[in-house]
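The values are calculated or read from the model by the stated rules, or taken from the named source; none is laboratory data. Because the structure is a prediction, the values reported are computed rather than measured. For neighbour counting, all protein chains shown are included, and Cβ atoms are generated from backbone atoms with ideal geometry for every residue, glycine included. Note: accessible area is taken over every heavy atom of the protein model, side chains too, but ligands, DNA and RNA are not part of it. Shrake-Rupley method; radii C 1.70, N 1.55, O 1.52, S 1.80 Å.
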Amino acid sequence: MVSAKTKVINPQGLHMRPAQVFVSAMKDMDCDVRILFNGKSIDAKSIMSVMLSCIKQGAEIEIQCSGPQEEEALMKAVALLESGLGDM
Amino acid sequence: MILQGIAASDGIGLGRAVCVREASLDYSNVRYSDKETEKARLQEGIAEFSRRTSAMAAQIRERLGEKEAEILTGQIAMLADPYMRSQMEEAVEGGSCAEAAADSVCTMYAGMFACAEDELMRQRSADIRDMRGRLLAILLGEMELDLSQLAPGSVLVARDLTPSMTVGLKKENIAAILTETGGRTSHAAILARALELPAVLSVPKALEFIKDGDGLIVDGGMGEVILNPDERTRDEYLKGQEALLTQRALLAAYRDRPTVDASGKRYRLYANIGSAAEAEAALRAGAEGIGLFRTEFLFMNRASLPDETVQYEAYREVSHTMKGREVIIRTLDVGGDKAIEYLNMEPEENPFLGHRAIRYCLDCPELYKVQLRALLRAGAEEKNIRIMLPLVSCVEEVRSARKLLEICKAELEAERIPYDKDIALGVMIETPAAALIADLLAREAGFFSIGTNDLTQYTIAADRGNAMVEKLYSVFHPAVLRSIRNVIAAAKEAGIPVGVCGEAAADPALIPLLMAWGLDEFSVSTASVLSSRACIGRWHESETAKLAQEALGLSTAASVERCLRTAVGQPEGGEFRRSHRRQEISRIEGIQGEI
């Protein structure tokens, strides 16, 4: 398992559109991807779970990946979040 | 019969009602065949939903842009959620037919989103309900509403206008739009404005009162709907519609011109708006900025305070729409007379002299800070937002507001959230006290904006809504005019910009006076932008100076007004009566009206 801490920089947090961008990128990864936020572990492949977590701008989150493509998935996840998920 | 609703899109439309009634979606007669068949039906239904929805999204993207299409692509993404899918399949395993499975799972998620802590997420609940209805309709083999075959002159009457309903809509066949729900920022309102169709929303029980084929007049500017009008009323509105169109065509020539007088001096001509969505219309109407954005609407028609995200969204939307142009946002202006229920404001003996606007906000710093933080953040990208404080009566109020603003800045800095460090803080001049100490306030304020409606009422101590003293209320009263002149002079002396954002800014008889005194900015209703630009263009500096001198030499409101009206060629005061009617209407609309 690999993990990394990062921060959500989108002005509106992970609302519908950025969540869609993030989840659809994670869906194709052959590994489990979870977001640790506020003491909860959220399945990053479920848009409903991600949206219902109400992750706002400035939130510190941790990404955990485990499975065959874990390295690639983690890099992709962090890069996407740091780029603002096309929402900046 | 007249029905009242929210004025969502300007214009007058006459036509026949087409009532849009939703399918019943009753699946109590559906028999459970077997696990495999139900699962297959469910999967086929979801696949069909996604196919239809992406086709709709493509059409909407082309007509209205990406933002509108996202509502639909979001529905596809949500329905593809692995948990949602497996929960539906589990329900089928447990003996539910495909319809019951889809219904229970969608309803559960709609409920979960309805309780989300973030308001933006709570709004998704409506999308899930729309998705539920359409998926059920597909499973039941119900026809989806097809609005592409309407007869010309149709007035659409619906509970709500969902994105999926509007796909095939042909603008040339629609006279107007009328709904039971929604506000100025709802999908139906955005759609109506984008298509330039008159619309009145939130008309209670419209579908009960209106039957298919009923004659309707929809006045989108006034928020009025007339059901089965008599011939005389019809003719009147037909004439009104024609006059509106002619006037629009005439003034269109001024749309893309700068605001300059006959001597070549440049002025700023801004618009007053009451919701984020109106910024677009203001821009289209030729406004060079927003001189007054009333934020009350954000706080109305809801059960609790709008959180920082919701406010931020609204302010940022205006900031982006107005890109590169100034946006002056007035902080919450409430009082005992225009109460917002959940604020639990005490009824007051004398609300106009009471605990209202800046006084109330400074006494509720936690509430005020949410708004200030949202404003600071919303200005981070375009740097075009200015904060305006309503009903200031002393220097301390400006200082306290600035102190709160600095606290908010420090918080945002610590949270590493971007904001506009140099945001301007200005004062709305609308009390006689503020007008008299304009020179002292000018040292502490980034700009002034004169609210002539309240300044007139407070200066003369006459309620413009009280028929018995109404005749005293006149912006032409020498006391009011001297106040305005002094405020402008104090601002010039201090080197800060000064504007007028009351009715006076659009009155052809006052425009030359304000020009003579050196006003920088006129902020008028969107509908008056082009006529004001035309009016400013007619005056030369030397003429306005002469006229101002003459008018200020007179000693009664009536003689001043007569002098000015004669000078601008309106000896009968026709324009005055019209602007007076606007004030009456704004009183009825209360908080959402002019100033």
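Here is how the numbers come out for the structure above:
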{"item": "Cβ-Cβ FRET estimate between residue B:248 and residue B:570, R0 fixed at 25 Å, reported to 0.05", "result": "0.75"}
{"item": "Over chain B, relative contact order from alpha-carbon pairs under 8 Å, at least 6 apart, %", "result": "13 percent"}
{"item": "Cross-link pairs beyond the 31 Å C-alpha cut-off, checked among A:40/B:421; B:265/B:471; B:205/B:471; B:492/B:546", "result": "A:40/B:421; B:265/B:471; B:205/B:471"}
{"item": "Overall form of segment B:442-577 per C-alpha gyration tensor (a/c, 1.5; a/b vs b/c)", "result": "rounded"}
{"item": "Sulfur and carbon atoms: percent of accessible area, the protein assembly as shown [1.4 Å]", "result": "51 percent"}
{"item": "With all protein chains modelled, accessible area of residue B:209 [1.4 Å, Å²]", "result": "90 Å²"}
{"item": "Kirkwood-type radius of the protein assembly as shown, with distances r between different C-alpha atoms, in Å", "result": "27.6 Å"}
{"item": "Average beta-carbon neighbours from other chains, 10 Å sphere, peptide B:67-78", "result": "3"}
{"item": "C-alpha long axis of helix B:557-567 to longest principal axis of chain B, angle in °", "result": "80 degrees"}
{"item": "Whole-angstrom gap from segment B:296-332 to segment A:25-56, using each part's C-alpha centre", "result": "30 Å"}
{"item": "Span from the segment B:424-486 Cα centroid across to the segment B:46-114 one, whole angstrom", "result": "55 Å"}
{"item": "Highest average packing first - B:280-289, B:444-453, Cβ atoms within 10 Å", "result": "B:444-453, B:280-289"}
{"item": "Dipole of the protein assembly as shown, positive end: most advanced residue of B:263, B:69, B:532 [Cβ charges, Cα centre]", "result": "B:263"}
{"item": "Whole-angstrom gap from segment B:383-415 to segment B:202-227, using each part's C-alpha centre", "result": "43 Å"}
{"item": "In the B-A interface, the accessible area buried, summed over both sides, Å² (probe 1.4 Å)", "result": "2300 Å²"}
{"item": "Where labels lie 7 Å past Cα in the beta-carbon direction, separation of residue B:44 and residue B:472 in nm", "result": "7.8 nm"}
{"item": "Peptide B:375-383 - average C-beta neighbours from other chains (10 Å radius)", "result": "1"}
{"item": "Model label zone, residue B:159; criterion: amide N under 18 Å from point 7 Å along Cα-to-beta-carbon; scope segment B:1-27", "result": "B:18-27"}
{"item": "Residue-level accessible surface for residue A:28, protein heavy atoms, 1.4 Å, Å²", "result": "120 Å²"}
{"item": "Segment residue B:107-residue B:355, extension gain: residue separation times 0.36 nm, minus the distance between their alpha carbons", "result": "84.9 nm"}
{"item": "Percent RCO, i.e. relative contact order, over segment B:293-356, from Cα pairs under 8 Å lying at least 6 residues apart", "result": "37 percent"}
{"item": "Accessible area per residue in Å² at 1.4 Å probe, computed on the protein assembly as shown", "result": "42 Å²"}
{"item": "10 Å Cβ neighbours from other chains, averaged over peptide B:118-128", "result": "3"}
{"item": "C-alpha long axis of helix B:395-414 to longest principal axis of chain B, angle in °", "result": "40 degrees"}
